[in-house]
Structure formats: C-alpha cells, structure tokens
Amino acid sequence: MPTGSSENLIIGFDSNEDAAVYRITDETALVQTADYITPMTDDPYLFGQLAAANALSDIYAMGAKPITAINLCNFPGEGIPNEIFSEILNGGASKVLESGAVTVGGHTIKDDELKYGLSVSGIVHPDKVVRNSSIEIGDSLILSKPVGTGVLFNGVKKGALESKWLDRAVQRNVVLNKKASELMLKYDANACTDLTGFGLLGHLNEMVSSNDLSMEINALSVPYFEKAIETSEQGYKPGMSKDTMRSLEKSVSFDSTVSEAYQWLLVDPQTSGGLIISIPEERTDDLLKELKSDDSPEAAIIGKVTEPGHTAIMVVSK
C-alpha cells in the first residue's frame with residue numbers, strides 16, 4: 001500500500017510503534033492514533049470509559065500528552081435506545097476530559113455490531129518520543145496493570161463465571177495510563193508500550209523483534225486479575241489468544257514448569273491494559289515504588305532484557 005513519505009515523519013506505517021509521530025516544529029511533534037472496540041460490559045457509560053481509556057493509551061505509551069479526540073461510532077440503526085448511545089459518548093467524554101484533552105467531533109455509521117472508540121492526537125517533543133523498540137540489555141520490565149480480561153470475558157460469555165469478576169477488571173482498566181506515563185518519563189525509561197490485543201507476549205515480542213536481544217519473563221511475577229488463573233485453567237481462552245500463540249511459535253519458549261493456564265494468560269488479549277516499561281535496573285525500584293503508591297498498586301517487575309539467546313523470549317516459572 002503506497003503511504004507517501006515526508007522528512008518530517010518520525011514514526012510511520014512501517015514500524016511496530018504504538019502511534020504515528022510527525023514533526024511540526026523543532027519543539028513539537030504530533031502523535032496520532034485510532035482505536036475502537038466492541039462492548040465488554042453491559043454498562044454503556046463504563047463501556048464508553050473503557051473504549052476511551054484504551055484509545056488514549058497509545059498516546060501515553062509514546063510519552064506524549066493527548067490534546068484532541070474524535071469519536072468513532074459504529075452504532076446499530078435500530079434496536080438500541082438513543083439513551084444508550086448518549087451514555088456511551090458521555091463515558092468516553094469523561095475520560096477525554098480527565099486526560100486533559102478536548103473532544104472536537106466525531107463520525108457515526110450504521111453497523112449491525114455496536115463498536116465505539118476514538119481517534120486521538122497528542123503532542124511530544126520530537127527528541128523525547130518513547131519508542132517500544134529502544135530496550136537495552138539489563139533493563140527491568142515493569143507491567144503497571146494486571147492481566148486476564150480476555151479469559152474473564154470469555155468465562156462470563158460462556159456462563160462459567162459471575163460477571164462481577166469481569167466488572168472488577170473493567171473498573172481497573174478504565175483507569176488512565178496517564179500517571180504511569182508521567183512516572184515513566186520522570187525516571188527516564190528506555191522504552192514503553194501499552195498492553196492490548198496481542199497479549200503480554202505479543203507486545204513484548206514487538207519490543208524485542210527489531211533488536212538482537214532477548215527477554216526472560218517470569219510467569220509467576222506477572223500480576224493477574226482475580227479469578228483469571230482459575231478461568232484459564234478451565235480452558236476459557238479467547239480465539240485471539242490462539243492466533244497470537246501460533247504467531248509466536250518461533251519467538252517464545254516456555255520452560256517445562258510453566259503450566260498451560262499461565263501460557264494462555266500471557267497471550268490473553270487486553271483492553272486498556274497497563275504499560276510495559278523497560279527501564280535501567282538502577283532506576284527500577286524507585287519507579288516501582290511510585291507506581292505502587294500512585295494508581296498502579298499491582299505494578300510488578302515481570303522480567304528483564306538479556307543478551308541474545310536461542311529464543312527472543314524465554315518464559316520461566318520461579
């Protein structure tokens with residue numbers, strides 16, 4: 001697909017980064033992204049909040065500040081009261097306001113399946129863009145939110161799990177990654193990405209794939225939502241997890257001690273998941289302490305960047 005070129009394009013279509021970055025001046029670059037999702041909850045306001053938080057996360061992962069948002073709405077033409085649509089938009093608007101950005105418009109089309117999200121623009125200094133690929137040997141890897149919304153959603157959908165467990169996870173994930181991003185910048189992290197649809201290992205693979213480096217991940221150090229492990233043990237893995245696992249066959253190795261339940265949770269798709277932060281070891285404890293005392297109490301060191309090994313990512317259980 002022809003994409004065009006520009007000397008001002010810092011990050012474009014040909015990379016695995018979380019958003020595009022375009023230089024406006026020597027001091028300012030525009031960061032652009034778009035994302036939208038289907039409902040994970042029956043609460044329309046909460047769904048709107050989740051969709052907005054999810055779309056804003058790409059901006060935060062790049063170390064940028066969101067400034068404007070445009071609603072993207074795929075709404076059924078009949079069968080759903082207009083009040084539901086209003087609640088979705090109000091939920092989204094609440095998170096945009098919380099981020100400090102402004103909602104400047106939107107576009108709606110008719111669709112049999114309800115979907116909602118946003119196109120978000122942000123700003124960052126061109127020399128201070130945080131990429132997902134700039135990891136360094138010895139870096140600690142920190143995850144700021146728990147994992148497991150995909151299996152919880154599937155468990156609820158199949159009638160095997162009470163919805164309250166999913167609701168609790170959604171309530172956690174509507175928390176913006178704003179504070180985590182600010183702290184990541186404060187402690188001068190080397191790299192960052194946000195955890196969404198490709199699961200933890202999928203996004204870690206994006207971080208390591210353009211480097212001649214490896215990672216070691218401890219499955220037992222990863223934070224998981226309550227009931228996520230039990231639900232995974234019962235086999236309620238989303239279809240997207242299977243696709244991700246298949247795509248990682250040549251990149252990821254699991255130690256024999258890592259159970260299947262944990263393996264599947266590590267590729268579990270997330271919606272508005274946490275930030276994965278790669279930071280030099282000497283600054284790790286200070287960052288982790290502030291994350292935990294702020295709005296990321298579950299934040300944890302989940303692994304490290306290592307010298308090149310026989311596989312890009314080695315998952316252990318210890």
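The values are calculated or read from the model by the stated rules, or taken from the named source; none is laboratory data. Quantities reported herein were computed from a predicted structural model and do not represent experimental measurements. Ideal geometry is used to build each Cβ from the backbone, glycine not excepted, and the neighbour counts take in all protein chains shown.
Scanning region 239-289 for residues being among the acidic types (Asp, Glu) and buried (at least 17 other Cβ atoms within 10 Å of the Cβ) gives a total of 1.
Okay, residues lined up against (1) of a type in the set (Val, Ile, Thr); (2) farther than 30 Å from residue 161 by Cα:
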residue	(1), (2)
52	no, no
57	no, no
85	no, no
88	yes, no
110	no, yes
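Right, residue 127: surrounded by fewer than 15 Cβ atoms within 10 Å (Cβ to Cβ) and modelled with pLDDT under 95 or not? The answer is no for residue 127. Residues satisfying the criterion are absent from region 276-292 (criterion: among the acidic types (Asp, Glu), in the same structural domain as residue 162 (by TED's automatic domain parsing) and more than 25 Å from residue 182 (Cβ to Cβ)).
Identification of helices (runs of 4 or more DSSP H) wholly contained in region 174-275 with 1 or more residues that are in contact with a Lys or Arg (Cβ under 6 Å, 6 or more places away or on another chain) yields 260-265. Residue pairs whose Cβ atoms lie under 7 Å apart, sitting 6 or more positions apart in sequence or on different chains, and linking a residue in region 207-222 that is in the same structural domain as residue 149 (by TED's automatic domain parsing) and acidic (Asp, Glu) to a partner that is surrounded by fewer than 18 Cβ atoms within 10 Å (Cβ to Cβ) and not in a strand (DSSP E or B), are 212/308. Scanning region 38-60 for residues that are surrounded by fewer than 19 Cβ atoms within 10 Å (Cβ to Cβ) and touching a Ser or Thr at 6+ places or on another chain (Cβ under 9 Å) yields a count of 2.
Scanning region 161-173 for residues that are crowded, with 19+ Cβ neighbours inside 10 Å and in a loop (DSSP other than H, G, I, E, B) returns a single hit, 161.
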